[in-house]
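What follows is calculated from the coordinates using simple rules that are stated; it is not laboratory data. From a predicted model like this one, the values you see are computed outputs, not experimental measurements. Glycine also receives a Cβ, built like all others from the backbone with ideal geometry; neighbour counts cover every protein chain displayed.
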Amino acid sequence: VDENYDVIVIGGGAGGVAASIRSSQLGAKVAVVEENKLGGFCMNSGCVPFGHMMVASRILGDLAVAKEMGIVCSSVSKDVATLQNRQKELIAFMQQGVRTLFGKRKIALIAGRARLSGAGRVEVGGKSISAKAVILAVGAQWVKSDFVGNDLPEVVHSGYFLTAKDLPTRCLVYGGGPWSVEVAQYLNRFGSQVWLVTQEESVLPEESKAVCSRLAKALQTQGISLIAGSRDLTVRKKSKGVEAVMMVKDEEQSLQVDRVITIRRTAAVMDLGLETVGVNVKAGFVQVNERMETESKGLYAIGDITGPEKRHYSHIASAEGVVAAENVMGLSRVFDERAAARIIFTSPQVASVGLTGKEAKSMGYEAVTGAAPLSMNTFGMMTAQTEGLVEVVADKRYGEILGVHMIGHSACEMIGQAVLAIQQEMTLEELGQIPFPHPTLSESVAEAARDALGAAIYLP
Ligand SMILES: Cc1cc2nc3c(=O)[nH]c(=O)nc-3n(C[C@H](O)[C@H](O)[C@H](O)COP(=O)(O)OP(=O)(O)OC[C@H]3O[C@@H](n4cnc5c(N)ncnc54)[C@H](O)[C@@H]3O)c2cc1C
């Protein structure tokens, strides 16, 4: 063995950074192995660049609201190169921030691809390093969507938009999910003609129906064409762009587009040496308990590697990183799955945490639901952001909040309040009594809770 540590973290992304800093705070000698860019997918290719693009898209959307208030921008130009340059600077700045934190804490950053080679042993760049505990934080990898023509050069994933000089004039975004919806809106706002095509009947099949139908309506109003229930997609090369042919409700439909975008990722379980420590990945990801322990003693796993795509969120990875680090260092912590929020930075934003009414019922709860539309919220009316709602799902017997679902301006900020309510096991009554400041959209969180109790104040 060439070097010894207390903790080796494999992967310097959202989960790995949090896990390494927390381990170091608790006194560990830590090494982080990163084969690509520090900050991982989140900082370099996911949350940060796409969050940034969504801010730019929102500003473009806000111009329509500005017009209602008498502020008219007679000409608007959109320069993707400027946006990308700002993005690059932003990411470089954040990366430097992580380097500084690592430097301050004397966390060793080892460049290269790591592979496990037995309990507490890791091979990297011809070196063998060891530690009492290893935290696996290697994230996810791209998967090709399953359709004929999926390997044509015109079929791309979200990474394409990090550097593409020009955006496609016509674009098919294939598959639902949060990041597909974001990309569809970004392209639409920057001038592309966009079709969002899903096999399911909804772009977010697992989310609350009330939220999904409002999102679908908003996207269509903005000019995005939604095609649901598509089957048998075939993409063929044409002299200019590609032709996408599919069956939609027993009728063949054909679209001529320049690019097809698919965003599908799966846990990056390949070639990690997991067999050397007896960890199986039959589920397609590394299974962990709520302490983030794998089946192999001393090996922890966090973030995207530990679950299916619908659970791939940066805040889950980093929260799990802290839990793993604390358990490694002798504390006793668990990750509270109930408080894992889901978010989409579209306009309007979508955010949810916990169970939908349907899920709660299927789990045997006698579920009660309350909703407060933002059309009845003062701030919503003031800002012309009336198209959303807050929906609260609770257990009727004890009033415990089981889920909160939101669509509207700032929903991704507001969902933090719901996370807190669920984590603290609050009841409808407690949530309904919170005097949220006025005028804010948050007032609708309390109003939705009161609605579930049949005591909404401002709803007809
Ligand atoms: C388009 C898009 C937008 C997104 N936007 C958001 C968002 O707004 N909010 C949100 O919460 N989530 C978002 N996500 C999801 C988010 O990016 C991931 O959930 C998050 O990055 C997971 O963190 P992680 O630490 O598990 O993995 P990562 O951040 O992917 O980090 C893993 C790191 O491990 C490294 N690595 C892999 N294998 C090895 C090895 N063998 N040796 C050494 N290093 C290795 C990789 O290079 C990588 O740097 C988005 C995803 C996509 C696709």
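All other residues with a Cβ under 10 Å from the Cβ of ILE21 taken together, and with Lys, Arg as +1 and Asp, Glu as -1, what is their net charge? That sum, taken over residues with Cβ under 10 Å, equals +3.
Each Cα pair under 8 Å and six or more residues apart adds its separation to the average, and for the chain the resulting relative contact order is 15 percent.
In deg cm²/dmol and to the nearest 500, what is the mean residue ellipticity at 222 nm of the chain if only DSSP H runs of at least 4 residues count, each as -39500 (n - 2.57), divided by the residue total? Per the formula, -10000 deg cm²/dmol.
With K and R counted +1 and D and E -1, the other residues having a Cβ less than 15 Å from that of SER213 yield a net charge of -2. Let a ≥ b ≥ c be the square roots of the eigenvalues of the Cα gyration tensor of the range 1-68; is it rounded (a/c under 1.5), or, if not, prolate (a/b larger than b/c) or oblate? It is prolate, given that a/c is not under 1.5 and a/b is the larger ratio.
Summing +1 for each Lys or Arg and -1 for each Asp or Glu among the other residues whose beta-carbon sits under 12 angstrom from that of GLY241 gives +3. Spatially, the range 318-343 and the range 393-443 are offset by 22 Å when compared through their Cα centroids. Once C-alpha pairs closer than 8 Å and six or more residues apart are averaged by separation and normalised to the residue number of the range 210-280, the relative contact order reads 17 percent. Put in line by how crowded their Cβ is, counting other Cβ atoms within 10 Å and starting with the fewest, VAL30, VAL183, VAL9 read VAL183, VAL30, VAL9. Taking other C-beta atoms within 10 angstrom as a stand-in for reagent exposure, ARG231, ARG265 fall in the order ARG231, ARG265, fewest first. Under the criterion of Cα pairs below 8 Å and six or more residues apart, the relative contact order for the range 1-75 equals 26 percent. Ranked by the mean number of other Cβ atoms within 10 Å per residue, highest first, peptides 309-321, 284-296 order as 309-321, 284-296. Classified by the C-alpha gyration tensor, the chain has an oblate form. Its axis ratio a/c, with a ≥ b ≥ c, is 1.5 or above, and a/b does not exceed b/c.
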